[in-house]
Amino acid sequence: MKRIVYLALLVGFLFILNSCLTEPSSPRPENWLCSINADGTGFRKIKKVDESFGTTGFGDIYMTKDDKIIFYGEKLWISDTDVINPVQITPDNITLTDRHSRLTQSSEGSKLYFAANKNIYLLTYPDYQLTKLTNETVRNLRNPILSDQGNYLTYSSHGYGEPTKDSEYMYYMDLNALVPVLVPKPNEVLRVANGIYLENEEFLYFEGLGLRKSRLDGSEHSVVDDNGMGGIPNTMFALSDDKQFVIRWAEYNTNSFARCFNLSNLSHCELPLEIFQYVSPLGRLSRNANRFFYVSPNNNLCVYDLDTSTNQVLFEDNSDISIYRFLMLSPAWDGTKVYFYAEISAK
């Protein structure tokens, strides 16, 4: 009996000692939708993302020209930013493509292009009229990108049907004719993706072992940026509004970068990126300003000014808030603010 009492006291003592030596654990991170100004001021926790958020889950966020926020998941939802109350704007009978979750908007903001159910769709804004633009049944069409003047749409296809198994091909569509046309790809390149057509130049810029360009019929092909990366659809690829910079995702071994390539003088810079669990790294170019928002490997939210080549950290852990990880981000069209979704711990 004495032995049992002794063991009980010993266990209790060890438990108390361990409690004294162990520091209090940090609060469990919570998912929040937040925003911050491009000068680092005005950080705001907007709404906790939980079961009462108003969507059935989402994988990305986009801003509209009139500063509403679109949540991209199996459906599209839209909401004001001050009071988050998402409203579903796509029908129940289509399921959006999760990889890759690109939403392309026309320059005036009235047309939204996206991939769903193997096909490409157009949704008008703000009346939300849906039009199916393609009739694919075998391969997966994805990653639609609108031309600079809005008259052409490019997208890629992936799958095991024609023209070739397990490859990425690119198509373009004249939006007046609505006829998909295959763009011939270079023979040495297995996958091509992320194409944007410049209508005045009549050249298509696209990725496939570097940044390349050609006519829509595949002629006059040349390599613009020969870093050897590219060919995987992603939402980071973008052309600046002044048509001077192309933002690309470059991955060397296990290190990811945003490659900011200047089409005028063929110079470039590379910004190290945070990447989590083999998903696309977090970086997005603002629509009408040469500001690129991204998350660096030390988990800081940053903005890089392409015109001045200056970099600024917008958010670092402080005495009140610690961000465990950033999950998605989307700048306002004018580049004055960025909205982001993150796992946050209050200290």
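Just so it is clear, none of the values below were taken in a lab; they were calculated from the coordinates. Only a predicted model underlies this, so the values are computations on that prediction, with no experimental measurement involved. Reconstructed Cβ throughout: ideal geometry from the backbone, glycine too, with neighbour counts over all protein chains shown.
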Just one of [x] 27; [y] 12; [z] 22 is percent of Cα pairs over 38 Å apart calculated from these coordinates, so which is it? [z]
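FRET efficiency for residue 187 and residue 224, Cβ-Cβ distance as r, R0 = 22 Å, nearest 0.05?
Details: r = 18 Å, r/R0 = 0.83.
About 0.75, to the nearest 0.05.
Want the number for residue 174 to residue 31: 0.36 nm per residue separation, take away the alpha-carbon distance, what's left?
Details: separation 143, 0.36 × 143 = 51.48 nm, distance 4.12 nm.
So the extension gain works out to 47.4 nm.
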Which angle between 0 and 90 degrees, to the nearest 10, do you get for helix 2-21 versus the longest principal axis of the chain when only C-alpha atoms count? 50 degrees
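Please arrange 256, 322 by how many other C-beta atoms lie within 10 Å of their C-beta, fewest to most. List each step's numbers first, then the result.
Numbers: 256 21, 322 17.
Exposure proxy ranking, most exposed first: 322, 256.
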Rounded to the nearest 500, what is the 222 nm mean residue ellipticity of the chain from helices alone, with -39500 (n - 2.57) per DSSP H run of 4+ residues and division by all residues? -2000 deg cm²/dmol
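For the cross-link pairs 45/337; 68/118; 48/68; 75/132, which exceed 21 Å when the distance is taken from alpha carbon to alpha carbon? Working shown, then result.
Working: 45/337 14 Å; 68/118 27 Å; 48/68 18 Å; 75/132 15 Å.
The pairs that break the limit, which is 21 Å between Cα atoms, are 68/118.
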In nanometres, what is the gap between the two model label sites at residue 334 and residue 288, each 7 Å from Cα along Cα-to-Cβ? 0.7 nm
Measure off 7 Å from each Cα along the Cα-to-Cβ vector at residue 128 and residue 50, then give the distance between these two points in nanometres to one decimal. 2.7 nm
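Which FRET efficiency value, to the nearest 0.05, is calculated for residue 110 and residue 310 with the Förster distance at 35 angstrom and r the Cβ-Cβ distance? Could the numbers behind the result be given before it?
Working: r = 34 Å, r/R0 = 0.97.
Here the calculated transfer efficiency is 0.55.
For 68, 132, 337, which order do you get if you count the other beta carbons within 10 Å of each Cβ and list the fewest first? Intermediate results must be reported in sequence, preceding the final value.
Values: 68 15, 132 12, 337 21.
With the sparsest Cβ surroundings first, the list reads 132, 68, 337.
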